[in-house]
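The values are calculated or read from the model by the stated rules, or taken from the named source; none is laboratory data. Just so it is clear, the model here is predicted, and its values are computed rather than measured. Don't worry about glycine lacking a Cβ; one is built from the backbone with ideal geometry, like all the others, and counts go over all protein chains shown. The protein model used for the area step is the full one, side chains on, heavy atoms only, and it has no ligands, DNA or RNA in it. Shrake-Rupley method; radii C 1.70, N 1.55, O 1.52, S 1.80 Å.
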Amino acid sequence: RTYANKAALTDAGVNRGTSYDAALSRVTVQHSVWKNVVAFETYDASGKLLRISMQGLGGDSSNTYTQVLFPEKGDEISSYIMAVGWDGTRIKCYQK
């Protein structure tokens, strides 16, 4: 529906509606806070793209959250996550 309606990405503010799990190397993003997101991109401090997580990855059957991959080992040390809208718009949703 996000693509069909060309729904605008909602800027909820950095770290709002997110929770970090170091044991799983993931950040959970709540869809009720971050609306109209189609994907999440994880970057290191230099701006290098490390991972892409499609909306709903690791979520529940009600599609209420996404578990965004956030590696922190070896040469991949994550720094922040960008929410991506249907049109390629990007907004920072998480910063460590």
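Observations
- TYR80 modelled with pLDDT of 95 or more, in a strand (DSSP E or B) and in contact with a Cys (Cβ under 9 Å, 6 or more places away or on another chain): yes
- Close contacts from the range 29-41, counting a first residue that is without any contact (Cβ under 8 Å) to a residue 40 or more places away in the chain and a second that is of a type in the set (Val, Ile, Thr) and in a strand (DSSP E or B), with Cβ to Cβ under 9 Å and a gap of 6+ residues or different chains, come to GLN30/THR18; GLN30/THR66; HIS31/THR66; VAL33/THR18.
- Scanning the range 10-41 for residues that are among the small types (Gly, Ala, Ser) and on the phi > 0 side of the Ramachandran plot gives GLY13, GLY17, SER25.
- Just one of the numbered conditions (1) without any contact (Cβ under 8 Å) to a residue 40 or more places away in the chain; (2) assigned to a strand (DSSP E or B) is not true of LYS92: (1).
- The range 43-68, residues that are open to solvent by less than 70 Å² (accessible area, probe 1.4 Å), under 14 Å from the mean Cα position of the chain (by Cα) and over 17 Å from GLN30 (Cβ atoms): TYR43, ASP44, LEU50
- In this structure, TYR20 does satisfy being open to solvent by 30 Å² or more (accessible area, probe 1.4 Å), in contact (Cβ under 8 Å) with a residue 60 or more places away in the chain and assigned to a strand (DSSP E or B).
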